[in-house]
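J.: Structure incoming, see below.
The values are calculated or read from the model by the stated rules, or taken from the named source; none is laboratory data. Every value quoted in this text rests on a predicted model; they were computed, and no experiment measured them. Don't worry about glycine lacking a Cβ; one is built from the backbone with ideal geometry, like all the others, and counts go over all protein chains shown. Only protein heavy atoms, including side chains, enter the accessible area calculation; ligands, DNA and RNA are left aside. Shrake-Rupley method; radii C 1.70, N 1.55, O 1.52, S 1.80 Å.
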Amino acid sequence: MQPIFDDRRLVPILEKVRAGERLDADDGLLLYRSPDILAVGWMANLVRERKHGNVTWFNVNRHINPTDVCVASCRLCAFGKKARDPKAYTWSLEEVWQRAGEGWSEAVTEFHIVGGLHPELTLGWYCEMLRGLKQRFPDVHLKAFTMVEIAYLAQRAKISIRETLEQLRAAGVDSLPGGGAEIFSERVRRVICDHKIDGAQWLEVARTAHRLGLKSNCTMLYGHIETEEDRVDHLLKLRALQDDTGGFQTFIPLAFHPANTALHHLPVTTGFDDIRSIAVARLLLDNIDHIKAYWIMMTPAVAQIAQRFGADDLDGTVVEEKIYHDAGATTSQSLRRTELLRLIREAGREPLERDTLYRPVQRTETAFTVLV
Ligand code: SF4
């Protein structure tokens, strides 16, 4: 079928996409700037269906945020709080283990664990937390800690990133979630997150994890003060690392939520930008298998449509989400498995439950089997 593109400048990109050729930075810029979102989405859908057919992946997971106390003060953040803040919280180990088991009866296959950079919790404390979770929930995959948290734990323990990752893995970490990447541009990071590791360090932690055999996801925070050039640069840096290690499973574009942050004067992202972020990522990141429409960030309604614009994954049930809800997210904190199935089927896609490593899962309401 020969599609009719309103924006004829996109036709050479279509030819590359059809031939399976890699797109370059100029192509990426044009994809971000073209008003012809249907053409951009049509090409992204072509790649998405080539990789995944009609399947949309989802999982049954639970988020765990053990503390929101953080030594950093990123302007992009509404979650992190100083220890003296009366609204700050830090769960005890017993609370973490207890809350992990709360929620619906559906057996979760994954705990997604991230939190603030706490000034007192040690690497040993986190390792004990992980061992306790593994003891109580031996079949649940532990996807834990952003590259930023790992760098901080290493710095506090005065050991290398590699040693830190080895200790965390020995205690139970199965993979890494990939947050904290924000935008790699140093100019932008100086404004939105100047207390964090820089982009090169983020990539180096990911590289070290991948070399140890730990898979991770990767992310990009968009919709604040970054330019289209910054977005393309970010995606191409992720693509270059993936060429080297093959360790990224999934890319997740994260829409900036300004409410309750120091950047609250900025507007929220539009549906147009959210959909385009999915589509451009699908087209530029030819070596990353999965593009996730994270419904918490972009609403279930937009995530549903994104399945026709390049996304092949909707994330999971989540159960309890704090980070984006502190920043004004108006979405629910959880979706039942049956609601995810409906979102996928209504988009004409075929839902396939996965574990964290994208192995199909067979389940009853209270138990699951990973098909290997
Ligand atoms: S974004 Fe992360 S590192 Fe920065 S203040 Fe928030 S919790 Fe802390």
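J.: As an exercise: evaluate Arg156 against (1) within 18 Å of the chain's Cα centre (by Cα); (2) free of Cβ contacts under 8 Å to residues at least 40 places away in the same chain; (3) open to solvent by 30 Å² or more (accessible area, probe 1.4 Å) and give the number of the one condition it does not meet.
T.: Checking Arg156 against (1) within 18 Å of the chain's Cα centre (by Cα); (2) free of Cβ contacts under 8 Å to residues at least 40 places away in the same chain; (3) open to solvent by 30 Å² or more (accessible area, probe 1.4 Å), the one that fails is (1).
J.: Same structure again: Return only the number of the condition from (1) closer than 12 Å to Gly178 by Cα; (2) within 16 Å of the ligand (Cβ to nearest atom); (3) assigned to a helix (DSSP H, G or I) that Met220 does not satisfy.
T.: (3)
J.: With respect to the numbered conditions (1) open to solvent by 20 Å² or more (accessible area, probe 1.4 Å); (2) touching a helix residue (DSSP H, G or I) at 6+ places or on another chain (Cβ under 8 Å); (3) at negative phi; (4) away from the ligand (no atom under 15 Å from the Cβ), which one is the sole condition not fulfilled by Gly246?
T.: Only one criterion is unmet by Gly246, namely (3).
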